[in-house]
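Below: one structure, written as structure tokens.
The values are calculated or read from the model by the stated rules, or taken from the named source; none is laboratory data. Everything quoted here is computed from the prediction, not taken from an experiment. Please note: Cβ atoms are built from the backbone with ideal geometry, for glycine as well, and neighbour counts cover all protein chains shown. Accessible surface areas use protein heavy atoms only, side chains included; no ligands, DNA or RNA. Shrake-Rupley method; radii C 1.70, N 1.55, O 1.52, S 1.80 Å.
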Amino acid sequence: MTFGEQPAYLRVAGDLRKKIVDGSLPPHTRLPSQARIREEYGVSDTVALEARKVLMAEGLVEGRSGSGTYVRERPVPRRVARSGYRPDSGATPFRQEQADVSARGTWESHSAQAEASGAIAERLGLQAGDRVMCTKYVFRDAGEAMMLSTSWEPLAVTGRTPVMLPEEGPLGGMGVVERMAAIDVIVDNVTEEVGARPGLAEELSALGGVPGHVVVVIQRTYYASGRPVETADVVVPADRYRIAYHLPVK
């Protein structure tokens, strides 16, 4: 193989991918069999199998027990808004969007005290094992799970205060900035790190994905005078949503 030349299985996968993208192989169409791929492209059974595996890993096709491999319906990606703008209502961006009468979003959450793992403790400037309030969210659009979020707040900051439970009390459901301000903790900075990885089994189960699907992970942390007061992981299926940032110009 000369420099820059692709392995045979990638060339076959690339050609089949092109046919899927341009509609030559529309959704719900059965992918050519392994034998057909072997004959059409003049490759071995191993190459044909590996090409099919590539397309399956990319989420372009799916296997149906006893029936074969079929082209998956390709969703039109929708936007998930991330914004530096703080609305007067104090609501989180997701909740603000759902205030529109045409929106179909809902969410559910559950909070429980927990011990900070090593990674979370590092993000919050704590010792591993320190107590935190962990809140898990599932956000839905028209009933379909579209985003997961897990938030951790140090109980050294919020414990025994009216905002200890993010979704309960007089400020339940408000944003982190507003809740912290109510206990005289002034948030003055927020960071978000965006990455991608294969979804965990439990994430894909909740989001309706299949093994191998990629998720976008936003690692967010709020700070007050340099001290982390909340950190969260936001997980979004990469094949169905795009992250759109709206940042104010100063």
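Report the full-extension gain for the segment Glu5 to Lys18: residue separation times 0.36 nm, less the Cα-Cα distance, to one decimal in nm. Don't skip to the answer; put the middle values down first.
Working: separation 13, 0.36 × 13 = 4.68 nm, distance 1.81 nm.
Value of the extension gain: 2.9 nm.
Applying 0.36 nm per residue to the separation of Thr46 and Asp184 and subtracting their alpha-carbon distance, the gain on full extension is 43.3 nm. The listed residues Leu126, Leu49 rank as Leu49, Leu126 when sorted by accessible area, largest first, using a 1.4 Å probe. Rounded to the nearest Hz, the phi-derived 3J(HN,Hα) couplings of region 229-237 under the Karplus curve 6.51 cos²θ - 1.76 cosθ + 1.60 (θ = phi - 60°) are 10, 6, 9, 8, 10, 10, 10, 10, x, where x marks glycine and proline. For Arg82, the residues whose modelled amide H falls within less than 5 Å of its own, excluding neighbours fewer than 5 places apart on the same chain, are Ala244, Tyr245, His246. Considering only Thr150, Thr161, Thr46, the Gaussian network model of the chain with Cα springs below 10 Å gives its largest mean-square fluctuation to Thr46.
Note on Ala201 and Glu58: the model spin-label points, each 7 Å out from Cα along the C-beta direction, lie 2.7 nm apart. When the chain is treated as a Gaussian network with alpha carbon springs shorter than 10 Å, the biggest mean-square fluctuation among Asp141, Asp233, Asp184 belongs to Asp184. Counting charges near Gly199 (Lys, Arg +1; Asp, Glu -1) among other residues having Cβ under 14 Å from its Cβ returns a value of -3. With no solvent and one point on each alpha carbon, what is the Debye value of log10 I(q)/I(0) for the chain at q = 0.14 Å⁻¹? Reported log10 I(q)/I(0), two decimals: -0.96.
A simple spin-label model places the labels of His246 and Ala112 3.6 nm from each other, with each point 7 Å out along Cα-to-Cβ.
Ranking Gly212, Ala81, Thr231 by Cα position along the charge dipole of the chain, where only Lys, Arg, Asp and Glu carry charges on their C-beta atoms, puts Gly212 farthest toward the positive end. Say the dipole of the chain comes from +1 at the beta carbon of Lys and Arg and -1 at that of Asp and Glu; which of Ile186, Pro248, Ala121 then lies farthest toward its positive end? The residue sitting farthest along the positive end of the dipole is Pro248. In the assembled protein chains, His28 presents an accessible area of approximately 110 Å² (probe radius 1.4 Å).
Taking every DSSP beta bridge that has both residues in the chain, what percent is antiparallel when rounded to the nearest 5? Could the numbers behind the result be given before it?
Working: 52 of 58 bridges.
The antiparallel proportion sits near 90 percent.
Cα centroid separation, region 1-64 to region 127-182: 45 Å. According to a simple spin-label model (label point 7 Å from Cα along Cα-to-Cβ), what is the distance in nm between Val210 and Ser225? Reported label-point gap for Ser225 and Val210 is 5.4 nm.
Roughly how many debye, to the nearest 20, is the charge dipole of region 119-171 about its Cα centre, given +1 on each Lys and Arg Cβ, -1 on each Asp and Glu Cβ, and no other charges? If you can, show how the numbers build up before the last one.
Details: 5 positive and 7 negative charges, 31 e Å.
Charge dipole of region 119-171: 160 debye, to the nearest 20.
Projecting the Cα atoms of Gly195, Thr221, Gly42 onto the charge dipole of the chain (Cβ charges, centred on the Cα centre) puts Gly42 farthest toward the positive pole. Roughly how many percent of the accessible protein surface of the chain is carbon and sulfur, given a 1.4 Å probe and a whole-percent answer? It is 53 percent, rounded to a whole number. Dipole size of the chain about its Cα centre, with +1 on Lys/Arg Cβ and -1 on Asp/Glu Cβ: approximately 660 debye, rounded to the nearest 20.
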